[in-house]
Each structure stands twice: as structure tokens, then as C-alpha cells.
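First up is the structure itself, then whatever we jot down about it.
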Amino acid sequence: MKKVTCFFRLILPIIVFQLGFNSSVSACQHANAKTHKKLLKTTIADAREDHYDLKYTKLTIALNNNNTNIAGSVVYYAVVSNPLMNEYVFELLSTIQIDSIFVNNQLCTYTRNANVVTVPLSSAMTAGTFFTTKIVYHGSPTSGTGFFSAGINTIASPTWGNKVTYTLSASYHGFEWFPCKQSLKDKIDSSSVWIIVPDSLKAGSNGLLNKVTSLPNNLKRFEWSTKYPIDYYLISVSVANYVDYSYYMHFDNSTDSMLIQNYVYNNPATLPTFKSVIDSTELMINQLSNLFGRYPFYQEKYGHCMVPLSGGMEHQTMTTLGFFNGTLVVHELGHQWFGDYVTCANWGDIWLNEGFASYVEQLYVNKFYTPAKAFNYRSAVHNRVMQQAGGSVFCNDTTDENRIYDSRLTYDKGAAVLHMLRYLAPKDSLFFAGIKNYLSAHAFSNATTSDLKTALSTIYQKNLDTFFNQWVYGEGYPTYSAEWNQQINGSNYDFVIKLNQTTSMPSSVSAFNLPLPVLLRSPQGDTMLYLPFNTATATYNWPTNTFAKAISSVEIDPSNWIINKTGPIIKNTALSIPTTVYQTLKVAPNPTKDVWHINQVAVGTSLQLIDINGKLLWNEIATSGEIQIPAKNLTPGMYILIVKDATANQQSIQLIKE
């Protein structure tokens, strides 16, 4: 889900995309586990709702686009999951009238307590018992005004004038328009939605439109169904005077095709305004399919229903949105993987939905525009995160929908954290491989933050606990500053840098533990260092001829991988460069394919080989003047050898594995 406050248009050859930069969005710490649970709200209103598992639902309702009047029925097929079930419990808005309830075709009595409906069973059912229910109902719920205001809305578009009745159930509003069980973890295995409307209108929903049946009194019934599992809040209906603009796309390197179906306002100017962006949806689907695996619902469709929203909502296979621009469309499309295919297991983990969808925007901009525009887009995201000092990505208060869908934390910081996780990957392809593993492991089901951590830790072969504790559950961001110096004596080049960091929320994270990218500018060619940095201050020394070039300036995190502010970076000629025996160390060959030979090592010297992520790979205390460091099984790239003498003087040597 995404709420957009502004957008602009960029034109590419052949295809026109609209690129929207948003400053606010709405829906679309391990440090203290008790804190995590303090204000967490369960989605179900009554624990007895978890006594059964939903298998199928058929929703048949009559609607129009002039008001929220609704009448119809819901049929559920379910299996008892509790050892004994004496009552069937579901939720429905208390102001909606229940006409009748049937369990296994028997008319039942019921009681209502606010929005919870309890149906006593004539005989208790045991675990594994299959049963059916049917609830017939009608009412006129109060229309909402957009996001988080009501489950059903009737609103006229302020831009196009078209009136629309549409549903929006996230996060807790499904019961406000249909009898349901609001459990994220109980996905309905398959569903049908039949909508009866005046024959001048069209009704969009999930899955495939199997048939449009003409009915008496100038009515039509749009019969939609999906065979894919679906969460309660992703079932949707939109009713308006639409035109159906549809086409078939083809997947890359395949003869397979898929329907892209769009219900656009029946207004002469609407489709021409947005057609180029709608046509580009095929390119977006192929891009994300190549990155994350084929679009999960490819056997049915992907599409859009226009409604008067200042953004969009990722209803499964049929996104509801107010207008078309590139980043909005690709954000909601990204949710089909992150949110619909794999749904957060609780609303505290909502960043798994929204952070990924927001990061997809950056991937899209990088692909279809330029890396420079993607850099600017990412910089704007990071700057919005740092507009305030604190706040965690993990949502500690799921009683407040505005916190659940906090634009700065859930969306922007969530996306930034994913970019940092990509930075931590031993190589870029492993980030996307890890995400694919995460998706396939939880396909058509639910996942938690811990599940994502496990997937990436496994493929990175790296413990990510500290990262998640600091960046997902913790609060704040670092400000980095540096002093550096270089002494050039003839052909000898000695370099030292002292790094400092302060944090915006030291009570949460006193020092972030990340390898810090430091760029050394030189007329003879730039050098990028990745320095392990997990304290308030640290000094690194490079002895004679490690770089063999004059350094003109230093930059911290020039590619903006990390959420951070940069303080002063100054050349300090008073910063001392230790002249220790280790300046005489000889490394050969460097680069190497199988082993580094370190000569002229003083006995008692401590040597540690680390990767660019700060992971310790090898260590040894020298017992002779020559040390061999194995490299054969290492991934090609840069490594750092940290050398310490008995008095803790430290220097660093950059090693390269071919």
C-alpha cells in the first residue's frame, strides 16, 4: 500500500514511465523481546476464531457506485483445528444486519458482542472435521474517506468525477464489509467473489473473471475466482463505470503469456493519460520476475482497478489505485511478491511488505532510468529517515495504523535496511539468491523478520544478529567523521585514518557495527577501502607503498549504502603515523590466487584476516618471521590484514584475492 503526495513524469524512448518521489506514504527489538510485544495487537478479535482453518470462501454481494449499501452472503468451507470446537466465531460490523446463519446447512442461532458473532453448535466438532457455513447479511456501512477509515467506501474522484464503491480492508477493516476471520496466518486456500451491479457498471476483483451473467432488472453478475491462497485483507471489490483495457504480456525467455487487466474510468481523457504507464506494466513484471522469480500468480492475471485514492493498495492480482505513475505501479506490483505471495506473519513485521515494495521502486528507477537517478532517489529516502533521531523498523505498536504504515520507518527505513543487507552480501547475486530462498521457503504463506534473517544468514554464511538488532529492532543512525594523514618520503607512501562515529539514539545503539566504505581520492586512481568499524573511534594505518599513490581527499560511503550523516573529514598533519617494525612487512604475491606470503614478521605479532564485512576468516600469532595465509577457498575480492604488535600498535594491509 502506498500513499503518494506528489509525482512527476520522465520520458524514455518508446515507453513513457511516470516516476513519483513521495514524501509520505500510508499502508500498501530483539534488544528487548518484551518491548516488541508491549503493544502488539492480534488481528483476530476472539481467540476462538483460531479453532478452525479456512479452506474456501464464496462471497456473493450486490453493490452500486452511489452508496455503500451491501447485501449478500458468504459461504465458508473450513476444517476444525482445535481439539474440540463448540462454537463457530467470526467478525462482522455490529451495524450490519445478519439475516441468517447456517452451519452444515442447518439454520443456527447466534449472539453478538460488539463486532464478534458467536454461533453455538448443536454438537461439538473434533479436530479435522470438515464443515461449511453460510452467513446472509445486508447493511449500509458508513463510507470511509480513504486509507484506514472504513472497509467500504463510496467516493467520487476529485480529478475525473467518476463515482466508485470500493473496499479497503487493511489492516483491520475487512469485517466492516463482509463476515470474516481477520487472521494473517489463516490464508484462505481459494476463493470466489461474485458481485451483482447495475448493468451500466463493471465490478473488479481478485483472480480471473470467469463469466458475466445477465440478471433481471438490468443487473449483471461479475463472477471472479482465484485458486491461489489469499489473506482476508487482500480480498477486494471495486464498482464503477469502467472500461476494460486489457492486453497479454509475454514472460522473458518463455512462450508463456499472462493477462494484464485494467479497469479504468470510463472517461474520454483517463485512458489516454495513463495508457503508456499501463502498457509498461509488462516491463515491470518481467524485471521483478527476473530478480525474484516469476510473478507468483501468473496462471491468473495482474491488473488494476481505479478508485479515488491518493496512492494504491496491493489487492492480490488486482491492485486498487488512484492513478498510474511508474513508482506507484511498481510499488504495488512488488507487493505481489512481498505481501501477497509471502505475507507478514503479524503487523509488527509489516516492513517485510512495505520495505520491500519501497526498495523495488529503487530497483525500478535504476533499471529504467539511470544509476544517478537511483542514487538521488535513495538519498532522498535516507534523508527522510534521518529527519528524526529515533524509531525502529520493527513496529512496536500495532494498535495504531498510522504507526504500522509510518512512511519514515516502515517504508523508507525498511527500504534502506534492505539496501544495507544487499551491501553486506559477499557478492551482489547472493542478496537476490537469498531473497528468492526466503520467498520460496514461505510461498503462499507467512513470514517473520527472523525468517528473512535466517534466509540471508544462510546464504551469506554470516551471523546477522547484530545487524538486525541494531537496524531493524534498534533505533537511530550514525554520523561518521574522519581525520587522515599521509607522509610521502620519496617513493614511500604512509597513510593513516582515524574514524569516529556518534549515534542519534545512543540509548538504543551506542555504535553501529558495519564495514564502512571509505574512498581515497588520488590523481593516480581512487582506492575504495571497507573498514571494520564497531566502536566510537578506530585508527587504521597503512605502511609504506600499500597504495603507492598520493591521496588528495577522503570520502565516507560515497555510494550511499548506509543510512548515515557525514561530519567533518579533514587532513590532519599532526595525526601520527606509527613507525613500527611492521612497516617493513613484505606481502607477495598480492593479488594472489591461492596464498599470501607475509615476510619479515616479528615473533609475537597478532595477524587477523577479515573480509569487507568485518568477518574474521583467519588469525594467528607469529612464531617465526614468515607467515602463510591461505586464500584458495576465498571468494575473489578485497580482504584486510590487521597486524598488531605486543603494545597494541595496529596497522592494516589490503589483500586482494583473484
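The values are calculated or read from the model by the stated rules, or taken from the named source; none is laboratory data. In this text the structure is predicted, and so the values were computed from the model without any measurement. Glycine also receives a Cβ, built like all others from the backbone with ideal geometry; neighbour counts cover every protein chain displayed.
Numerical summary
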read-out: Qualifying residue in the range 213-221 (condition: at pLDDT 95 or above, in the same structural domain as N153 (by TED's automatic domain parsing) and touching a Pro at 6+ places or on another chain (Cβ under 7 Å)); value: yes
read-out: Per-region count, the range 103-138, residues of a type in the set (A, V, I, L, M), over 19 Å from F178 (Cα atoms) and in contact with a Pro (Cβ under 9 Å, 6 or more places away or on another chain); value: 1
read-out: So T527, is it β-branched (V, I, T) and within 26 Å of the chain's Cα centre (by Cα); value: no
read-out: Subset of the range 105-114 that is loosely packed, with under 15 Cβ neighbours inside 10 Å and not basic (K, R) - its residue that is farthest from F130 (Cα to Cα); value: A114
read-out: Any hit, the range 350-357, residues being over 17 Å from the mean Cα position of the chain (by Cα) and either of a type in the set (D, E, K, R) or in a loop (DSSP other than H, G, I, E, B) (or both); value: no
read-out: Per-region count, the range 286-330, residues aliphatic (A, V, I, L, M) and surrounded by fewer than 23 Cβ atoms within 10 Å (Cβ to Cβ); value: 2
read-out: Scope the range 119-147; condition polar (S, T, N, Q), under 37 Å from the mean Cα position of the chain (by Cα) and under 18 Å from L54 (Cβ atoms); matching residues; value: T132, T133
read-out: Condition met for S236 (touching a Cys at 6+ places or on another chain (Cβ under 8 Å), buried (at least 23 other Cβ atoms within 10 Å of the Cβ) and either assigned by TED's automatic domain parsing to the domain that holds D279 or outside any loop (DSSP other than H, G, I, E, B) (or both)); value: yes
read-out: Single residue of P558, P517, P532 found to be at pLDDT below 90, touching a Pro at 6+ places or on another chain (Cβ under 8 Å) and either within 25 Å of E483 (Cα to Cα) or not assigned by TED's automatic domain parsing to the domain that holds D645 (or both); value: P532
read-out: Scan of the range 368-408 for residues that are among the aliphatic types (A, V, I, L, M) and within 18 Å of L452 (Cα to Cα), ordered by number; value: V393
read-out: Test: residue in the range 364-382 that is surrounded by fewer than 18 Cβ atoms within 10 Å (Cβ to Cβ), more than 26 Å from L283 (Cα to Cα) and either touching a Cys at 6+ places or on another chain (Cβ under 7 Å) or not hydrophobic (A, V, I, L, M, F, W, C) (or both); value: no
read-out: Subset of the range 383-402 that is buried (at least 18 other Cβ atoms within 10 Å of the Cβ) and assigned to a helix (DSSP H, G or I) - its residue that is nearest to the chain's Cα centre (by Cα); value: V385
read-out: Test: residue in the range 247-258 that is among the charged types (D, E, K, R) and either in a strand (DSSP E or B) or closer than 15 Å to Y166 by Cα (or both); value: no
read-out: Which numbered condition T454 fails, given (1) in the same structural domain as D397 (by TED's automatic domain parsing); (2) assigned to a loop (DSSP other than H, G, I, E, B); (3) not hydrophobic (A, V, I, L, M, F, W, C); value: (2)
read-out: Test for E300: is it among the acidic types (D, E) and within 12 Å of the chain's Cα centre (by Cα); value: no
read-out: Residue in the range 259-288 that is nearest to the chain's Cα centre (by Cα), counting only those that are hydrophobic (A, V, I, L, M, F, W, C) and part of a helix (DSSP H, G or I); value: L288
read-out: Residue within the range 421-429 that is in a helix (DSSP H, G or I), under 26 Å from H382 (Cα atoms) and in contact with a Pro (Cβ under 7 Å, 6 or more places away or on another chain) present; value: no
read-out: Residue among Q487, Q501 that is over 30 Å from N396 (Cα atoms) and either outside any helix (DSSP H, G or I) or aromatic (F, W, Y) (or both); value: Q487
read-out: Restricting the range 197-237 to residues that are among the charged types (D, E, K, R) and closer than 24 Å to F338 by Cβ, the residue that is nearest to the chain's Cα centre (by Cα); value: D231
read-out: Residue in the range 78-93 that is surrounded by the fewest Cβ atoms within 10 Å (Cβ to Cβ), counting only those that are closer than 11 Å to T129 by Cβ and β-branched (V, I, T); value: V79
read-out: Among the candidates L514, L531, residue that is among the aliphatic types (A, V, I, L, M) and out of contact with any Ser or Thr (no Cβ under 9 Å at 6 or more places or on another chain); value: L514
read-out: Residue, nearest to N66 (Cα to Cα), within the range 303-326, restricted to residues that are under 21 Å from the mean Cα position of the chain (by Cα) and part of a loop (DSSP other than H, G, I, E, B); value: S310
read-out: Residue in the range 484-493 that is of a type in the set (A, V, I, L, M, F, W, C) and farther than 26 Å from M386 by Cα present; value: yes
read-out: Selection status of V75, in a strand (DSSP E or B) and within 24 Å of P198 (Cα to Cα); value: yes
